[in-house]
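Below is one structure, written out as structure tokens; the observations come after it.
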Amino acid sequence: QVQLVESGGGLVQAGGSLRLSCAASGRTFSSYAMDWFRQAPGKEREFVAAINVSGGGTYYADSVKGRFTISRGNGKNTVYLQMNNLKAEDTAVYYCAVRVGDMSTTALFYDYWGQGTQVTVSS
């Protein structure tokens with residue numbers, strides 16, 4: 001099993017920044033991806049950003065490209081999401097997820113999930 005704990009959410013004004021963290025513990029894998037998804041009230045969970053923890057490759061949703069940066073810690077069991085120039089439409093619960101294997105933008109393909117952290121952007 002893998003346990004994921006997110007932190008760093010909160011309330012911020014439009015144009016501001018937040019940094020989310022996701023700490024993973026438990027089983028380790030030789031190749032896996034960590035990802036951020038988000039879900040706004042009344043909407044489906046959507047892909048935000050992904051990183052191949054082993055190789056370092058990244059991928060972003062078009063809606064956050066140029067504003068958000070996903071990165072990994074030195075120990076590779078922590079992933080960060082730096083969110084700049086936040087907009088009201090970024091308001092959602094942000095979830096960290098782990099997939100054994102390659103990155104994917106499909107939530108169904110992810111094996112482990114955190115409990116989520118709320119991000120609220122006021123306009």
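Considering (1) in contact (Cβ under 8 Å) with a residue 60 or more places away in the chain; (2) surrounded by fewer than 18 Cβ atoms within 10 Å (Cβ to Cβ); (3) farther than 24 Å from Gln1 by Cβ, say which one Val121 fails and leave the rest.
(2)
List the number of the failed condition for Cys22; all other conditions in (1) under 19 Å from Gly101 (Cβ atoms); (2) exposed (fewer than 15 other Cβ atoms within 10 Å of the Cβ); (3) touching a Ser or Thr at 6+ places or on another chain (Cβ under 7 Å); (4) not β-branched (Val, Ile, Thr) hold.
(2)
Mind checking which residues of the range 22-38 are touching a residue at least 60 places away in the same chain (Cβ under 8 Å) and either touching a Leu at 6+ places or on another chain (Cβ under 7 Å) or not basic (Lys, Arg) (or both)?
Taking the range 22-38 as the starting set, the residues that turn out to be touching a residue at least 60 places away in the same chain (Cβ under 8 Å) are 22, 24, 29, 31-38.
Result: Cys22, Ala24, Phe29, Ser31, Tyr32, Ala33, Met34, Asp35, Trp36, Phe37.
Based on this model, can you work out whether Gly55 counts as surrounded by 13 or more Cβ atoms within 10 Å (Cβ to Cβ) and over 13 Å from the mean Cα position of the chain (by Cα)? Walk me through how you get there before you give the answer.
Working: surrounded by 13 or more Cβ atoms within 10 Å (Cβ to Cβ): no; over 13 Å from the mean Cα position of the chain (by Cα): yes.
The answer is no for Gly55.
Looking only at the range 64-77, decide whether some residue is within 20 Å of Phe109 (Cβ to Cβ) and small (Gly, Ala, Ser).
no
Considering the range 25-43 alone, what residues qualify as being open to solvent by less than 20 Å² (accessible area, probe 1.4 Å) and either within 17 Å of Gly73 (Cα to Cα) or of a type in the set (A, V, I, L, M, F, W, C) (or both)? Full working, then the answer.
Applying the first criterion (open to solvent by less than 20 Å² (accessible area, probe 1.4 Å)) to the range 25-43 yields 33-38.
Selection gives Ala33, Met34, Asp35, Trp36, Phe37.
The values are calculated or read from the model by the stated rules, or taken from the named source; none is laboratory data. Every value quoted in this text rests on a predicted model; they were computed, and no experiment measured them. When we count neighbours, we look across all protein chains shown, and the Cβ atoms used for this are built from the backbone with ideal geometry, even at glycine. Keep in mind that these areas ignore ligands, DNA and RNA; they rest on the heavy atoms of the full protein, side chains included. Shrake-Rupley method; radii C 1.70, N 1.55, O 1.52, S 1.80 Å.
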